[in-house]
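First the structure, in the form of structure tokens, and then the observations on it.
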Amino acid sequence: MVADPTNPAGGRSRVRMSAAQRREQLIAIGRQLFAERGFDATSIEEVAARAKVSKPVIYEHFGGKEGLYAVVVDREVRALLDRITNALTAGHPRELLEQAALALLDYIEQETDGFRVLVRESPLMSSTGNFSSVLNDLAHQAEHILGAEFKSRGFDPKLAELYSQALVGMVALTGRWWLEVRKPRKDVVASHLVNLAWNGLSHLESKPALVVKER
């Protein structure tokens, strides 16, 4: 066996990692730590200790904690968007709502660490993209679906943007809640989300007004 020069303890490694393998290992460890503790509470020292490398190795690959975090978040944003976009195959708006809701819940269930990273706040959010940017992208997709639906029903299609933000926000907040409780089953959660969204949409008033007057 060959001694691994990146191991600060001077121990031996069964298999020496290539640069690409080491990078992937550091990303996986960073993802786990950021999910557990958030950006601020995670240190380069912890990442290095779990990977059994020296801190300069992390700086060499990512330039620091910020660079590692940016890579982790960017990957999760793309993975979630791809998952939901690929799920939208139906032609009927109700089925599209079901597919989108299930795709998000699938991601939460299967990539829990990734979802936790996305929903945690960070000072880097504005530059790296985050859950809000994912929701905005999804809302734009929903806007096109709702715009066509509104037009066919004689409603103002300009309001589709407002309703798409409301729908996506409802699903996202429910997903954050379900992340912790994990019950009822995801298909039951999705069916109730769609029930509220679709049956509400199917009985929209063209010019809604508040019953309670503003003070």
message: Please return the ranges of helices (runs of 4 or more DSSP H) entirely within the stretch 65-172 where 1 or more residues are touching a Leu at 6+ places or on another chain (Cβ under 9 Å) and modelled with pLDDT of 85 or more.
response: 65-87, 93-110, 112-119, 131-153
query: Does Ala9 count as modelled with pLDDT of 95 or more and either open to solvent by 20 Å² or more (accessible area, probe 1.4 Å) or β-branched (Val, Ile, Thr) (or both)?
result: no
- request: Would you mention how many residues in the stretch 35-54 are open to solvent by less than 40 Å² (accessible area, probe 1.4 Å), within 21 Å of Glu76 (Cβ to Cβ) and not hydroxyl-bearing (Ser, Thr, Tyr)?
  value: 6
message: Residue under question is Ala172, and the condition is that it be in contact (Cβ under 8 Å) with a residue 12 or more places away in the chain and not basic (Lys, Arg); does it hold?
response: yes
query: Could we say that Arg182 is modelled with pLDDT of 90 or more, more than 20 Å from Arg94 (Cα to Cα) and in contact with a helix residue (DSSP H, G or I) (Cβ under 7 Å, 6 or more places away or on another chain) here?
result: no
Filtered residues of the stretch 173-215 (kept if in a loop (DSSP other than H, G, I, E, B) and either open to solvent by 100 Å² or more (accessible area, probe 1.4 Å) or touching a Pro at 6+ places or on another chain (Cβ under 9 Å) (or both)): Lys183, Arg185, His203, Glu205, Lys207, Leu210, Val211, Val212, Lys213, Glu214, Arg215
Condition met for Arg31 (in a helix (DSSP H, G or I), in contact with a His (Cβ under 9 Å, 6 or more places away or on another chain), surrounded by 15 or more Cβ atoms within 10 Å (Cβ to Cβ) and at pLDDT 95 or above): no
query: Any residue at all in the stretch 55-62 that is aromatic (Phe, Trp, Tyr), closer than 18 Å to Glu24 by Cβ and surrounded by fewer than 21 Cβ atoms within 10 Å (Cβ to Cβ)?
result: yes
- prompt: Taking the stated definitions as given, is Asp74 of a type outside the set (Phe, Trp, Tyr), open to solvent by 40 Å² or more (accessible area, probe 1.4 Å), in contact with a helix residue (DSSP H, G or I) (Cβ under 9 Å, 6 or more places away or on another chain) and under 21 Å from Phe131 (Cβ atoms)?
  reply: yes
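The values are calculated or read from the model by the stated rules, or taken from the named source; none is laboratory data. This one's a predicted model, so the numbers in the text were calculated from it and none came from an experiment. Here Cβ is always computed from backbone atoms with ideal geometry, including for glycine, and neighbour counts include all displayed protein chains. Surface areas here come from the heavy atoms of the whole protein model, side chains and all, with no ligands, DNA or RNA. Shrake-Rupley method; radii C 1.70, N 1.55, O 1.52, S 1.80 Å.
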